[in-house]
Amino acid sequence: MVRHGIGRFIAEEDYEYIGEFKNNQRSGKMGKCFHANGDFYAGGWRDDLMESHKEYGVVQDSILIKQDGLERYFGQFKEGMKHGKGTSYSEREPSGNNLYHEIHIYKGHFVKDERHGKGELYILRVKDRNISSNYHFQKDQGYAIIDKYEQQHINGELKSSKKLFISAPNEQINFPAIQMPLYQD
């Protein structure tokens, strides 16, 4: 049986896909893929690969969530890879001498899954992971430190990094939250 049109497919112990098919492959403007390992993707597909589509001349963003939400990407894809404008979000647990839980947000361009060109990197360090969801802190309470860098990458390799600011004592901090749309059935 050849899958063609809108439907649902479950690949045993691998993934479940709901969306458009063309010639037995995931293909179309919107599809949702739920992987057995907890990864999730919602967006365009072409030839069974994640691929952003243009609608009315505008490239439509997609969303990829990995590692139970510890890694997220909202932006453009090409041939199954992050490619074009996007925002990545990752969380890192404290380790070694680092007592802080870190949240990294990178806004910029990607080429073949790698940072490429100019972008901004925000690093938020918090002592208590549970307070990191509201993105609003008082530094003098010892909760958070924010660094902002302007970076230049070429094919994933960091070429330059300029620290733009670090939050000052007693400064109220508003951290740029990553806006992710909710995809529901």
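State which residue is farthest from Tyr17 (Cα to Cα) when the search covers only segment 35-60 and only residues that are among the hydroxyl-bearing types (Ser, Thr, Tyr) and surrounded by 19 or more Cβ atoms within 10 Å (Cβ to Cβ).
Step by step, filter segment 35-60, then rank; the result is Ser52.
Return yes when Ser88 is crowded, with 17+ Cβ neighbours inside 10 Å and over 17 Å from the mean Cα position of the chain (by Cα) and no when it is not.
no
Does at least one position in segment 133-145 carry a residue that is farther than 30 Å from Gly44 by Cα, in contact with a strand residue (DSSP E or B) (Cβ under 7 Å, 6 or more places away or on another chain) and either modelled with pLDDT of 70 or more or assigned to a helix (DSSP H, G or I) (or both)?
yes
Look through segment 66-85, keep the residues that are under 10 Å from the mean Cα position of the chain (by Cα), surrounded by fewer than 17 Cβ atoms within 10 Å (Cβ to Cβ) and not aliphatic (A, V, I, L, M), and return whichever of them is nearest to Lys32 (Cα to Cα).
Lys66
Among the residues of segment 1-15 satisfying the criterion of being of a type outside the set (D, E, K, R) and outside any strand (DSSP E or B), which is surrounded by the most Cβ atoms within 10 Å (Cβ to Cβ)?
Checking each candidate, the answer is His4.
The values are calculated or read from the model by the stated rules, or taken from the named source; none is laboratory data. In this text, all values refer to a predicted model and were calculated from it rather than measured experimentally. Cβ: placed from backbone, ideal geometry, glycine included. Neighbour counts: every protein chain shown.
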